[in-house]
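The structure appears right after this line, and notes come after that.
Read the figures in this text as sums done on the coordinates, not as results from a lab. What you see is a predicted model; the values in this text were computed from it and never measured. A quick note on method: Cβ atoms are made from the backbone with ideal geometry, for glycine too, and the neighbour counts reach across all protein chains shown.
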There are 2 protein chains.
Amino acid sequence: MSQVRVHNFTVSLDGFAAGEGQSLESPFGHAQGRLMEWFFGTRTFQAMHGQDAGSNGVDEAFAGNWGPGIGAEIMGRNKFGPQRGPWTDEEWQGWWGDDPVFHTPVFVLTHHPRPTIEMKGGTTFHFIDADPADALALAREAAGGLDVRIGGGAATVRQFLAADLVDHMHVALVPIILGRGEPLWDGLESLEDRFTVESVASPSGVTHLTFTRAR
Amino acid sequence: MSQVRVHNFTVSLDGFAAGEGQSLESPFGHAQGRLMEWFFGTRTFQAMHGQDAGSNGVDEAFAGNWGPGIGAEIMGRNKFGPQRGPWTDEEWQGWWGDDPVFHTPVFVLTHHPRPTIEMKGGTTFHFIDADPADALALAREAAGGLDVRIGGGAATVRQFLAADLVDHMHVALVPIILGRGEPLWDGLESLEDRFTVESVASPSGVTHLTFTRAR
């Protein structure tokens, strides 16, 4: 059975995965780049942007697991773009340029479906109004036996955790206090009972936590 | 100048330092012993209870810093006991028996002062209605040039952090989701700007974070 995986999902010490005030200029709101600094330095991030550079250390050991074995992604509408409510135009094709980093089908959860967008490089954005289980069934079908990544944001990851649909989750904990934003842990009391949790600190200051579903 | 220190202060992944429903039977509320398990195994905790036992590993390296160099403690009234509001009797002398672990003056912050209690072994409980700065002045005086420990609970540590009175803080992060309880990080947005933060993971599963005041 293919697995459902979360990777490189980054939260502050107070549990926020993004700041307040997401906009076209500030995809992470008032958190700006502070949550993802550990990731920017990795070989995986650099390769996503066509650079042959970046670290091969602890951070990369986790970052690099993001792609291999993944056949589809599910993301929330707030990850796809800063717009809210009905689409006022359909020009917006995501933050990732004309050749997005995904190279697989991507299912965008939204109450406002719109036509599928085929991008360069194998990324296809499908817009669906579905609950986690139904979205996962679609993504599994599209993944052709490979794993499905839950790409975020916080509300989407939370919903899949609450529905007990996640097999593996990697969380990077950044020792900053955002104070406000998109909470990851709300409503997930005793989540640890369903997972084996391990942690390792990186010289970058981030602590990597892995949640492996207990069988 | 003596330093103001916080040690072995333990929070869940969602930032709670104690659960909901603190009572005589459950000092940590619904969190019960889950937050402090890492500490129970250390040589420092075992020695507090008269045992020549316990680990000497990463957890002990942090736990053992709790005592040396400390001349006084400040604690909140909720750490001293489960009662709330005016004292209905003055029989309660804390959770720690007749020879408490502190062996120094201890200043208990309360809106309901009561007479000082002298315990065995050098612990004296003083009950004062004071703001953080005034309480610290009293504790510094009593500490005779040694450091002052802020003993918790969460609201007390938060007040001293908000007033920028803490020089060193050790936080142990336990990878559990409590869901509700006493929050440590509320109102402390961008706390990291005032500190150098380091972290190390322990085989026990806890991540130890140190906050050292940036000078």
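Table for the structure above
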{"item": "Listed residues A:E25, A:E182, A:E91, most fluctuating in chain A (Gaussian network, C-alpha, under 10 Å)", "result": "A:E91"}
{"item": "Calculated [θ] (222 nm, deg cm²/dmol) that DSSP helices of n ≥ 4 give over the protein assembly as shown, each run adding -39,500 (n - 2.57)", "result": "-4500 deg cm²/dmol"}
{"item": "Among A:T196, A:T156, A:T88, residue whose mean-square fluctuation peaks in a GNM of chain A (springs only between Cα atoms under 10 Å)", "result": "A:T88"}
{"item": "Label geometry 7 Å along the beta-carbon vector: B:P86 inter-copy distances in nm", "result": "6.2"}
{"item": "Karplus-derived 3J(HN,Hα), 6.51/-1.76/1.60, for each residue of the stretch A:143-158, Hz, glycine and proline x", "result": "7, x, x, 7, 7, 10, 9, 8, x, x, x, 4, 5, 5, 4, 4"}
{"item": "Whole-Å semi-axes of chain B's equivalent ellipsoid (Cα gyration tensor)", "result": "24, 20, 19"}
{"item": "At 0.890 mPa s and 25 °C, Stokes D of the protein assembly as shown from Kirkwood alpha-carbon radius, µm² per second", "result": "104 µm²/s"}
{"item": "Calculated Rg and Dmax of the stretch A:48-157 using C-alpha coordinates, Å", "result": "14.4, 43"}
{"item": "Dimensionless Rg ratio for the stretch B:18-70, taking C-alpha atoms and the 2.2 N^0.38 Å reference", "result": "1.28"}
{"item": "Mean-position separation - Cα centroids, the stretch B:142-215 and the stretch A:174-193, in angstrom", "result": "17 Å"}
{"item": "Two-decimal Rg/Rh across the stretch B:112-163, once Rg and the Kirkwood Rh are taken from alpha-carbon atoms", "result": "0.96"}
{"item": "Top of A:F195, A:F62, A:F80 by mean-square fluctuation, Gaussian network on chain A, Cα under 10 Å", "result": "A:F195"}
{"item": "Other copies of B:R180: label-to-label distances in nm, shortest first, labels 7 Å along the beta-carbon direction", "result": "2.5"}
{"item": "The stretch A:169-175 - phi-based ³J(HN,Hα) in whole Hz, Karplus 6.51/-1.76/1.60, Gly and Pro as x", "result": "9, 10, 10, 9, 9, 9, x"}
{"item": "Debye log10 I(q)/I(0) at q = 0.25, 0.28 Å⁻¹ for the stretch B:139-204, Cα point scatterers", "result": "-1.31, -1.39"}
{"item": "Residues of type lysines that A:K79 reaches as a straight line, Cα spacing below 25 Å, ignoring anything fewer than 8 places off in the same chain", "result": "A:K120"}
{"item": "For A:G121, inter-copy label distances in nm, listed shortest first [label point 7 Å out on the Cα-Cβ vector]", "result": "6.3"}
